[in-house]
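Data block below; observations after.
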Amino acid sequence: MSPSDVDTGELREIAVTIARLAGELIASRAHEHLRADAKTSPTDAVTDVDRASEALIVSLLAEMRPGDGVLGEEGAHKVSETGLRWIVDPLDGTVNYLYGIGAYAVSIGAELDGKPVAGAVFDASRGIMYDAALGLGARRDGAPLGCSGVQALEMALVGTGFGYRAETRAAQGKRVADLLPNVRDIRRIGSAALDLCAVAAGSLDGYYERGIHPWDRAAGLLIAAEAGARTFVIREADGRELTVAAPPAIFEALLAAVR
Ligand code: LIP
């Protein structure tokens, strides 16, 4: 099947509907005193809300798109019978959520034979919906989005993030120290999905991060690309993936600066 065989607008609306419902669940529990379990390190947290959100998303996808595959951050895995697979981060920005910092989202992307075709990121902390469908543009609460017009890296506000393991963070800290004098400033929002939506909206001029997962970026990369940004993912020698998104005018300069 090719993207022209599917209604990407319909897939976008499914992602929007489900992301909003999961986001409402997350927002409704934001003031609970949650216990966090550790994943890859003591600081890599997962909560019952992450799991509840993923369970809701998986059940709604099973109802609305029964033959499709699913890959979720918290363990959901279903092989596709249709060529379509949904890539789900049920709560991106878990640490922010735990600390009551207003930057956490639900990210739901749809891929057809591995190619992104639709996606939605619901900022559950602010009730803002970002979405995109292949060839149909990117939107924020239904209004078209376009990325920044920045023309020089030294004027760029660049988002990034860091891993959870101390040795990884030491290396990432050195890289961001090298980048800092060459850009306007750095922002560390704590949600890759919201970083990518910020690039799409022009609230960031660029974003890069090593070590994020497909579920962190599946929807946000398409949203950024449909808003006019260039996007790039490469697996590096250490096995970690580098993700970059920026407007065409500074993309090559940012990529060269972070590689
Ligand atoms: C988060 C990413 C963020 C990264 C954090 C964390 P999570 O995802 O969205 O970009 O810097 O370390 O991985 O764990 O909140 O779903």
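Each reported figure results from applying straightforward, stated rules to the coordinates on display, with no laboratory input. Worth saying up front: this structure is predicted, and the values here are computed from it rather than measured. Glycine also receives a Cβ, built like all others from the backbone with ideal geometry; neighbour counts cover every protein chain displayed.
Can you give the convex hull volume of the alpha carbon atoms of the stretch 1-127 per residue, in Å³? Taking the convex hull of the Cα positions in the stretch 1-127, it is 94 Å³ per residue. Loop-located GluC sites (Glu not before Pro) across the stretch 20-86 with a Cβ neighbour count of 12 or fewer within 10 Å are Glu32, Glu81, with loop assigned by DSSP.
Around the Cα centre of the chain, unit charges on the Cβ atoms of Lys, Arg, Asp and Glu (plus for the first two, minus for the last two) sum to a dipole of about 640 debye. For a paramagnetic label modelled at 7 Å from the Cα of Thr43 toward its Cβ, which residues of the stretch 153-175 fall within the zone defined by backbone nitrogen distances under 12 Å? Inside the label zone: 162-173. Relative to a virtual label point 7 Å from the Cα of Thr82 in the Cα→beta-carbon direction, which members of the stretch 35-58 show backbone nitrogen distances below 15 Å? Under cut-off, by backbone N: 58. Charge tally around Ala36: other residues with Cβ under 11 Å, Lys/Arg +1 each, Asp/Glu -1 each, net -2. Using the Cβ-Cβ distance between Glu252 and Tyr99 with R0 set to 45 Å, the FRET efficiency from 1/(1 + (r/R0)^6) comes to roughly 0.80. Highest mean first, the peptides 218-230, 84-96, 139-151 sorted by other C-beta atoms within 10 Å per residue fall in the order 218-230, 84-96, 139-151. Once the Cβ-Cβ distance of Glu10 and Glu241 is raised to the sixth power relative to R0 = 25 Å, the FRET efficiency obtained is 0.25.
Of the DSSP H helices in the chain, those that are both long (alpha-carbon extent of 15 Å or more along the helix axis) and hydrophobic (Kyte-Doolittle mean at least 0.5) are 8-28, 48-64, 248-258. Neighbours of Tyr130 by Cβ distance under 15 Å: Lys/Arg scored +1, Asp/Glu scored -1, total -3.
Between the stretch 138-169 and the stretch 209-235, what's the alpha-carbon centroid distance in Å? Between the Cα centres of the stretch 138-169 and the stretch 209-235 lies a distance of 10 Å. For Asp50, Asp7, the sequence from fewest to most other C-beta atoms within 10 Å is Asp7, Asp50. For the chain, the Kirkwood estimate of the hydrodynamic radius, built from every pair of different alpha carbons, is 18.2 Å.
Exposure proxy shown here: for Arg35, Arg169, the number of other Cβ atoms within 10 Å sets the order, fewest to most, as Arg35, Arg169.
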